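The values are calculated or read from the model by the stated rules, or taken from the named source; none is laboratory data. Owing to the predicted nature of the structure, the values given are computational and were not obtained by experimental measurement. Every residue, glycine as well, gets a Cβ built from its backbone with ideal geometry; the counts of neighbours run over all protein chains shown. Just the protein is used for accessible areas: all its heavy atoms, side chains included, with ligands, DNA and RNA removed. Shrake-Rupley method; radii C 1.70, N 1.55, O 1.52, S 1.80 Å.
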Amino acid sequence: MPITSFSLPTSNRQLDYEKWHGYRLTYQVTLPATGKRARLWLPLPNSLDPAYQFTQGNNWSGNARQAKFDAIGTEKFPVFAAEWQGEGERHASVQCIIKTSHHTVDLDRYQRYGNAAIPGNIKPFLQPARLIPVNGIVKDVAHSIVHDEGNTTLEKARAIYDWLIDHFRHDETTLGRGKGDIQFILENSQLSGKCVDIHSLFVGLARSIGIPARIQYGVRMVQSELHESLGGQTDVSRSQHSRAEFYLDNLGWVPVNPADVCKVARLENLTLDDPIIKHLREQFFGAWEMNWITFNHGQDIQLTNSKIGRLPFFLYPYAEIDDQPLDGLEPEKFNYKITAAELIGTGAKF
């Protein structure tokens with residue numbers, strides 16, 4: 001496949017809405033008719049940063065006894081929640097309109113400010129999560145990657161990014177997008193999996209040496225301009241995808257996507273010195289192709305009224321019947337479908 005590029009805007013540009021793309025994301029869910037009570041939660045597109053993604057509205061239909069568009073966590077991640085009482089047919093349809101524009105940060109503008117204080121609202125992204133510890137083997141591996149303590153934050157983040165691409169192996173047999181259990185991965189020397197695994201590693205390794213980092217969980221929407229394996233189809237029920245970010249004191253959040261470099265290398269059986277892989281390695285350090293939308297960057301998520309406890313992350317539809325969870329990785333048994341459509345024009349609304 002020939003090497004291609006897309007035109008990426010700089011992070012401080014004025015918004016040019018002629019270059020934006022509009023999408024409709026649709027969930028169609030049918031829950032089993034058994035049990036006395038059923039609950040459903042759907043992750044929804046987030047207006048995280050209006051410079052590259054914002055939502056234009058949601059609507060729903062169905063026969064739920066109660067349903068609402070809600071927000072969870074301290075950062076108010078958007079969610080649709082519904083509840084049914086009694087046995088019988090249970091169905092819901094949710095539609096969302098989203099706008100995206102390719103997202104990049106101009107790393108040439110980076111300036112090192114010595115030991116600049118990390119803002120208070122950024123400090124939580126240095127903390128561990130259930131599956132992302134920041135001490136022990138995680139810190140040891142990070143220090144083995146970043147040898148020179150005099151390196152800048154940008155150089156350290158790039159070293160972790162390159163190390164992951166050099167050592168991680170995309171594995172199509174991994175269930176879903178992976179578990180993201182980085183201590184297990186490192187202790188067992190199993191540097192393989194999918195996007196949640198590699199991006200959890202990036203975040204854990206970065207946090208362990210003082211670099212704020214986070215994972216963005218979302219879904220691919222349409223075809224990629226860069227490679228055919230990096231896009232979604234009309235049915236995106238299995239197109240969930242995560243990406244990662246790290247924080248620089250004078251540039252803010254910097255997007256990275258090492259998972260897709262590893263994916264193309266594996267699926268195309270390409271070596272790391274192949275021109276396509278070299279191109280993608282550079283393209284995805286500091287940029288996201290926004291044929292993908294983000295839902296949230298939450299870790300250890302507590303869903304409102306859920307009886308099961310915290311989810312390590314909220315990427316898939318989630319449901320409970322009589323307080324017992326349904327497996328969101330099995331849409332045939334759960335019976336949900338997610339579809340995506342690109343909209344023509346910039347003013348599409350319900």
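Give the accessible surface of segment 250-342 per residue, rounded to a whole number of Å², with probe radius 1.4 Å and ligands, DNA and RNA excluded. Walk me through the numbers on the way to the answer.
Working: 3540 Å² over 93 residues.
For segment 250-342, the per-residue accessible area is 38 Å².
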Gyration tensor on Cα atoms of segment 189-243, a ≥ b ≥ c root eigenvalues, a/c under 1.5 rounded, else prolate if a/b beats b/c, else oblate, says prolate
Nearest 10, in degrees from 0 to 90: the angle of helix 153-167 to the longest Cα principal axis of the chain is 70 degrees
Rounded to whole angstroms and listed largest first, the alpha-carbon spread of segment 216-350 along its three principal axes comes to 53, 38, 37
Diffing segment 187-195: the Karplus 3J(HN,Hα) column from phi (6.51, -1.76, 1.60, θ = phi - 60°), in whole Hz with x for Gly and Pro, holds 5, 9, 6, 10, 7, 8, x, 10, 4
With Cα springs under 10 Å, the Gaussian network model of the chain assigns the largest mean-square fluctuation among His103, His147, His21 to His147
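Quick one: with all protein chains in place, what share of the accessible area of segment 68-137 is carbon or sulfur, to the nearest percent (1.4 Å probe)?
47 percent
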At R0 = 25 Å the Cβ-Cβ FRET efficiency linking Arg37 and Phe184, nearest 0.05, sits at 0.15
One finds, for Asn335 and Gln111 with R0 = 51 angstrom and r their Cβ-Cβ distance, a FRET efficiency to the nearest 0.05 of 0.45
In deg cm²/dmol, rounded to the nearest 500, the helical mean residue ellipticity at 222 nm of the chain, built from -39500 (n - 2.57) for every DSSP H run of length 4 or more, is -5500 deg cm²/dmol
For segment 284-293, in residue order, the Karplus 3J(HN,Hα) values (coefficients 6.51, -1.76, 1.60; θ = phi - 60°; whole Hz; Gly and Pro = x) are 9, 9, x, 8, 10, 7, 8, 8, 9, 10
In a Gaussian network model of the chain with springs linking alpha carbons closer than 10 Å, the residue among His199, His227, His297 that fluctuates most is His227
The percentage of the accessible area of segment 155-230 (probe 1.4 Å, all protein chains present) made up of carbon and sulfur atoms, to the nearest whole number, is 43 percent
Pseudo-spin-label distance Arg65 to Gln85, built 7 Å along Cα→Cβ, given in nm, is 0.4 nm
Answer check: segment 73-231, Cα atoms, Kirkwood Rh, Rg/Rh ratio of 1.03
Placing each pseudo-label 7 Å from Cα in the direction of the beta carbon, Gln324 and Thr152 end up separated by a distance in nanometres of 5.7 nm
Rounded to the nearest 10 degrees, the helix 258-267 long axis (Cα) sits at an angle to the longest Cα principal axis of the chain of 80 degrees
In whole percent, the fraction of accessible protein surface over segment 245-306 that belongs to carbon or sulfur atoms, probe radius 1.4 Å, stands at 44 percent
Residue-normalised value, i.e. accessible area per residue, for segment 87-182 at 1.4 Å probe, in Å², stands at 52 Å²
Computed ³J(HN,Hα) along segment 317-323: with the Karplus parameters 6.51/-1.76/1.60, θ = phi - 60°, integer Hz and x for glycine or proline, the list is x, 9, 8, 9, 10, 6, 6
